[in-house]
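S.K.: Dropping a structure here in structure tokens format, bear with me for questions.
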Amino acid sequence: MDLNEIAVFTRVVQAGSFTAAARALGMPKSTVSRKVADLEERLDARLLQRTTRKLSLTDAGRMYFDHGVRIVHELEAAEAAVGSLQDKPRGLLRVTAGPNAPWLGDIVAGYMKRNPEVQIELLVTGRTVDLVEERFDVGIRAGALADSSLVARKLGNATWFLVATPAYLKKRGRPRTPDDLKAHDCVLFGAGSTSVTVRLDRGDQSVQVPIAARLLVSDFEILGAAALAGLGIAVMPAFQCIESLRAHRLERVLHDWAAPSTPMHVVYPTARHLSAKVKSFVEYVQQRMTPPPWELGPVP
């Protein structure tokens, strides 16, 4: 089936002549005539009676036109619907992100307030979602990206600090070197084994410190609560502890040292023919993450 032939045939009937149809379609009259002739040959039926003065539909032509014009109208409606999606952000936007990203809540809320015709489904999961296979529009990913065909835009880095409560530091003392951490209770993010080797960087210098974690936990909220409870020195992402640092509920230790930062990206399947909702969401996330919100204001 050639939908172009159907569209040309219905336009000829509506226009009343090959010449008028060719003008409306913006194609040569010979092309219009050939399209109709090809359609009749494929159907093995005459659809139009042609005279030098006018065109008239045969019985087969009238039946075919009644069905064909509905198909053309549906296609035109489909194109209009797609066009409206491209024109203004609207419809369902499916987003996936990893766990432990509390900063994303404010960004999603701000985007939805700005774009009231967009619905968002946000899947938070620790697994890597196949955006194409699972029909997601956008992904927010932390860490090094695997090679793929996805389009990626950098959102900055999540920096990590060593922190503890003033009460803990008063009781146990303040470490002066990374190796001093071995004598402290430590609260670390991770899973698998409480014997953890922590990498710390200072400029071009890097050290590996083996630590027996008093608490090893794979949730940032619990990690933060444990640090605020004074259980020990915690290695925490800035977005989880920055407000507690500014309020002096926590203090940084080994100020010159930090765990390696974690790169963050927004990814999506293709840069071609982006819908307005995807384009506007990606741009909004980048805007809100430049700089990342935990870098706004003084960093203790």
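The values are calculated or read from the model by the stated rules, or taken from the named source; none is laboratory data. As the structure is a prediction and not an experimental result, all values here were calculated from the model. Quick reminder, even Gly has a Cβ in these numbers, built from the backbone with ideal geometry, and neighbours come from all protein chains shown. Remember, those area values only see protein heavy atoms, side chains included, never the ligands or the DNA or RNA. Shrake-Rupley method; radii C 1.70, N 1.55, O 1.52, S 1.80 Å.
S.K.: Of the residues Pro260, Pro291, which is at pLDDT below 95 and over 24 Å from the mean Cα position of the chain (by Cα)?
M.R.: So the residue among Pro260, Pro291 that is at pLDDT below 95 and over 24 Å from the mean Cα position of the chain (by Cα) is Pro260.
S.K.: Mind checking whether some residue in region 183-200 is in a helix (DSSP H, G or I) and either over 19 Å from Trp294 (Cβ atoms) or in contact with a strand residue (DSSP E or B) (Cβ under 8 Å, 6 or more places away or on another chain) (or both)?
M.R.: yes
S.K.: State yes or no: is Leu215 without any contact (Cβ under 8 Å) to a residue 60 or more places away in the chain and either touching a strand residue (DSSP E or B) at 6+ places or on another chain (Cβ under 6 Å) or open to solvent by 20 Å² or more (accessible area, probe 1.4 Å) (or both)?
M.R.: yes
S.K.: Being within 13 Å of Leu200 (Cα to Cα) and either open to solvent by 40 Å² or more (accessible area, probe 1.4 Å) or part of a helix (DSSP H, G or I) (or both) is the filter here; which residues of region 252-270 pass it?
M.R.: His255, Asp256, Pro260, Ser261
S.K.: If I go through region 235-251 residue by residue, how many of them are more than 20 Å from Val217 (Cβ to Cβ) and part of a strand (DSSP E or B)?
M.R.: So the answer is 1.
S.K.: Next question, about the same structure. What single numbered condition from (1) at pLDDT below 95; (2) surrounded by 18 or more Cβ atoms within 10 Å (Cβ to Cβ); (3) closer than 19 Å to Lys279 by Cβ fails to hold for Val132?
M.R.: (2)
S.K.: In region 166-212, what residues are among the hydrophobic types (A, V, I, L, M, F, W, C) and open to solvent by less than 30 Å² (accessible area, probe 1.4 Å)?
M.R.: Leu169, Leu181, Cys186, Val187, Leu188, Val198, Leu200, Val209, Ile211, listed by residue number.
S.K.: Moving on to the next point. Select from region 229-246 the residues that are within 33 Å of the chain's Cα centre (by Cα) and not basic (Lys, Arg) and list them in ascending order.
M.R.: Matches in region 229-246: Ala234, Val235, Met236, Pro237, Ala238, Phe239, Gln240, Cys241, Ile242, Glu243, Ser244, Leu245.
S.K.: It is to be established whether one or more residues within region 144-163 are in contact (Cβ under 8 Å) with a residue 60 or more places away in the chain and touching an Asp or Glu at 6+ places or on another chain (Cβ under 7 Å).
M.R.: Yes.
S.K.: Can I ask one more? Just to be sure, is Ala144 open to solvent by 40 Å² or more (accessible area, probe 1.4 Å), under 30 Å from Met236 (Cβ atoms), touching a strand residue (DSSP E or B) at 6+ places or on another chain (Cβ under 8 Å) and not in a strand (DSSP E or B)?
M.R.: For Ala144, the condition - open to solvent by 40 Å² or more (accessible area, probe 1.4 Å), under 30 Å from Met236 (Cβ atoms), touching a strand residue (DSSP E or B) at 6+ places or on another chain (Cβ under 8 Å) and not in a strand (DSSP E or B) - is met.
S.K.: I would also like to ask the following. Filter region 101-147 down to residues that are over 20 Å from Ser280 (Cβ atoms) and among the polar types (S, T, N, Q), then give me how many there are.
M.R.: 2
S.K.: Quick test of your reading of the structure: Phe281 fulfils all but one of (1) of a type outside the set (Val, Ile, Thr); (2) at pLDDT 95 or above; (3) within 19 Å of Leu188 (Cβ to Cβ). Name the failing condition by number.
M.R.: Single failed check for Phe281: (3).
S.K.: Filter region 106-129 for residues that are surrounded by fewer than 11 Cβ atoms within 10 Å (Cβ to Cβ) and of a type in the set (Gly, Ala, Ser) and give the result.
M.R.: Within region 106-129, just Gly126 meets the criteria.
S.K.: Within region 99-111, identify whether any single residue is modelled with pLDDT of 80 or more, assigned to a helix (DSSP H, G or I), in contact with a Phe, Trp or Tyr (Cβ under 6 Å, 6 or more places away or on another chain) and within 30 Å of Met289 (Cα to Cα), and answer yes or no.
M.R.: Within region 99-111, one or more residues are modelled with pLDDT of 80 or more, assigned to a helix (DSSP H, G or I), in contact with a Phe, Trp or Tyr (Cβ under 6 Å, 6 or more places away or on another chain) and within 30 Å of Met289 (Cα to Cα).
S.K.: Can you find a residue in region 218-231 that is open to solvent by 60 Å² or more (accessible area, probe 1.4 Å), of a type in the set (A, V, I, L, M), under 30 Å from Glu121 (Cα atoms) and assigned to a loop (DSSP other than H, G, I, E, B)?
M.R.: So far as region 218-231 goes, no, none of its residues is open to solvent by 60 Å² or more (accessible area, probe 1.4 Å), of a type in the set (A, V, I, L, M), under 30 Å from Glu121 (Cα atoms) and assigned to a loop (DSSP other than H, G, I, E, B).
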